[in-house]
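Everything on this sheet refers to the single structure shown next.
Just so you know, all these numbers are worked out from the coordinates, no wet-lab data involved. In this text the structure is predicted, and so the values were computed from the model without any measurement. Cβ: placed from backbone, ideal geometry, glycine included. Neighbour counts: every protein chain shown.
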Amino acid sequence: MNEQTMLSIISQHLPWLTIESTSFEYSGWDHDIIIINEKLVFRFPKHQAVRRHTEREIALLKAIENTSPPLQIPTCQAIRDKQGNAIATYYQLIEGEPLASVLDHPLFSKERSAKLLGEFLSKLHQIPAKQVASPLFTTHTLEYWQRLFASVQKQIFPYLSKEDSQMVSDFFHAFLEQGKGQTIQKAWIHGDLSADNIIFNKKSGLVTGIIDFTDSQYGDPAFDFAGFYWDFGPAFTSQVLRYYSGMEPGEHLFERIQNFYGLQPVFHELLYQVKQGQSVNWPTALERFKRLRKMQDSKYHYFN
């Protein structure tokens, strides 16, 4: 959606809002974003599939707010069309910046931030299923992962060596085979808890908020630790898990994180880059994936 259309919709539905400054952001996968007066964040879904998730996102955020979470979350309000369908959401800007932009910041207090993240996820994952005014919805089914693997084979394998293609095939096959007979106790999850969606305050050196619940769903709670593992590694992930009290012991979650969830983000990134026609340095594209795989034997080190 172009800038003028977004501003027109905002002015039409919020005539009381005086617009003094605007900042546009198109880098998101799912939304076009405009920030008004450096205070209000407006998110417009890029396509219909994302729009269908908006009501669930709003309902889950309300349920999280009722738990008094240790981190800030968006207090979303919806802009609706004449039929009552949400066409955009808006909320007060959470001060700070995405943790992805300051991963190596010298003041980043990992231990204290790990505690906040662990406590936040504990509250999120313990929300009763029926407490969220939304139908139970799971994206990450076995069929979803099978489709992801098929996309990787079709769109990424042509750029990989035979050795790397076999390594990736073994990685997916092991997970898919295990998933056929595995029963997971599901919970409400964020679904995309990467460093891009964690807000960091440079002054305090702490994480202060969580944003973008577009991919929230009723799924495997271990998935919410995937971003920690991919962005920060197993040591920080285990720190977060030490402050986590969910339905399963941290050791059980860590096994699924380390064996699959914490490594699969690279394939989403590569598929997106290929789809967008972006340049990819294929000889180094799987370097972090390989490095993290080599660390899998160290899981007991982090919990014993």
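Remark: region 56-64, residue by residue, has Karplus-estimated 3J(HN,Hα) of 5, 4, 4, 5, 5, 4, 5, 5, 5 Hz, where x stands for each Gly or Pro and the curve is 6.51 cos²θ - 1.76 cosθ + 1.60 at θ = phi - 60°. All other residues whose Cβ lies under 15 angstrom from that of residue 79 are scored, Lys and Arg at +1 and Asp and Glu at -1, for a net of 0. With 0.36 nm allotted per residue and the present C-alpha distance subtracted, the residue 145-residue 68 stretch has 24.4 nm of extension available. Cβ crowding within 10 Å ranks 30, 212 as 30, 212, fewest other Cβ atoms first. When only alpha carbons are used to place a centre, region 107-135 and region 1-63 end up 25 Å from one another.
Cross-link check: pairs 46/294; 162/275; 110/275; 39/82; 46/186; 115/275 evaluated at a Cα-Cα cut-off of 32 Å; pairs beyond the cut-off: 46/294; 110/275; 115/275. By the count of neighbouring beta-carbon atoms within 10 Å, fewest first, 282, 230 end up ordered 282, 230.
Near residue 217, the amide H atoms lying under 5 Å from its own belong to 189; only residues 5 or more places off or on other chains count, and H is placed 1.01 Å from N. Based on the Cβ-Cβ distance of residue 82 and residue 293, what FRET efficiency does E = 1/(1 + (r/R0)^6) give at R0 = 45 Å, to the nearest 0.05? Computed FRET efficiency for residue 82 and residue 293: 0.30.
Relative protection proxy for 189-198, 243-252, from highest mean packing down: 189-198, 243-252 (other beta-carbon atoms within 10 angstrom). The alpha carbons of region 221-304 occupy a box of 43, 23, 16 Å along the principal axes, longest dimension given first. Principal axis analysis of the Cα atoms in region 9-92 yields extents of 35, 28, 27 Å, listed in decreasing size. Amide H contacts of residue 89 (H built 1.01 Å from N, in plane; Pro and chain starts excluded): 43, 79 sit under 5 Å, all sequence-distant by 5 or more or on other chains.
All Cα-Cα distances of region 99-173, cut into 10 Å bins from zero to the largest, leave 14, 22, 21, 36, 6 percent in each bin in turn. Across all directions, the average projected area of the convex hull around the alpha carbons of region 1-151 is 12.1 nm². Here the chain is treated as a sphere whose radius is the Kirkwood value from Cα pairs; by Stokes-Einstein at 37 °C and 0.692 mPa s it diffuses with a coefficient of 159 µm²/s. Karplus-based coupling profile of region 247-262, in residue order and whole Hz: 7, 10, x, x, 4, 5, 5, 4, 5, 6, 5, 6, 7, 8, 4, x, with θ = phi - 60° in 6.51 cos²θ - 1.76 cosθ + 1.60 and x standing for Gly or Pro. Each residue of region 120-129 was assigned a 3J(HN,Hα) from its phi angle through the Karplus curve 6.51 cos²θ - 1.76 cosθ + 1.60 (θ = phi - 60°); the sequence is 4, 5, 4, 5, 4, 6, 9, 5, x, 3 Hz, with glycine and proline shown as x. A P(r) calculated from all alpha carbon pairs of region 152-252, with 10 Å bins opening at zero, reads 12, 32, 36, 17, 3 percent.
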